[in-house]
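Participant: Starting off with a structure, shown below.
The values are calculated or read from the model by the stated rules, or taken from the named source; none is laboratory data. Bear in mind the structure is a predicted one, so any value in this text is a computation, not a measurement. Here the Cβ is made from the backbone with ideal geometry for all residues, glycine too, and neighbour counts use every protein chain on show.
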Amino acid sequence: MPYWPIRADLDNAVLGPLANEAGQYLTGVSVRRLPLDDFHPPASLSLGRTSVRDSVRGVAVGLDDQGFLWLVEQLMPRAALQVAVEDGYGYSA
């Protein structure tokens with residue numbers, strides 16, 4: 001549900017789509033969100049700490065108890081990536 005603070009309307013600060021010379025449009029919707037501090041991904045998605053030298057950027061995917069899909073971007077050990085590739089869950093780089 002779009003959320004526009006009353007002050008933005010009063011200040012005429014709400015813009016319509018912006019167009020560039022190529023005919024592409026930039027639009028946006030302001031939405032009020034709950035603080036992220038109230039929500040934490042399942043512990044099973046955490047790969048723990050790893051050294052930066054032996055890491056690659058990876059994404060862990062899983063469902064929590066309520067069925068919410070989590071996509072967690074994090075550093076992952078190269079060894080974990082290799083295991084995922086060998087198990088058929090990823091692609092080798």
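Participant: Do you know which residues across region 62-93 are modelled with pLDDT under 80 and of a type in the set (S, T, N, Q)?
Facilitator: Matches in region 62-93: Q82, S92.
Participant: Pull out all pairs, ordered by first then second residue, where Cβ-Cβ is under 6 Å, the residues are six or more apart or on different chains, the first lies in region 40-63 and is on the phi < 0 side of the Ramachandran plot and assigned to a loop (DSSP other than H, G, I, E, B), and the second is among the small types (G, A, S) and modelled with pLDDT of 80 or more.
Facilitator: That search, which allows pairs on different chains as well, returns P42/G62.
Participant: Can you find, within region 21-39, the residue that is modelled with the lowest pLDDT among those that are assigned to a loop (DSSP other than H, G, I, E, B) and under 25 Å from L63 (Cβ atoms)?
Facilitator: V31
Participant: Could you run through region 50-61 and say how many residues are modelled with pLDDT under 80 and either closer than 10 Å to Q74 by Cβ or in contact with a Gly (Cβ under 6 Å, 6 or more places away or on another chain) (or both)?
Facilitator: Number of matching residues: 1.
Participant: Say we look at region 24-39 and pick out the residues that are exposed (fewer than 10 other Cβ atoms within 10 Å of the Cβ) and either among the hydrophobic types (A, V, I, L, M, F, W, C) or in contact (Cβ under 8 Å) with a residue 60 or more places away in the chain (or both); which of these is nearest to V83 (Cα to Cα)?
Facilitator: L36
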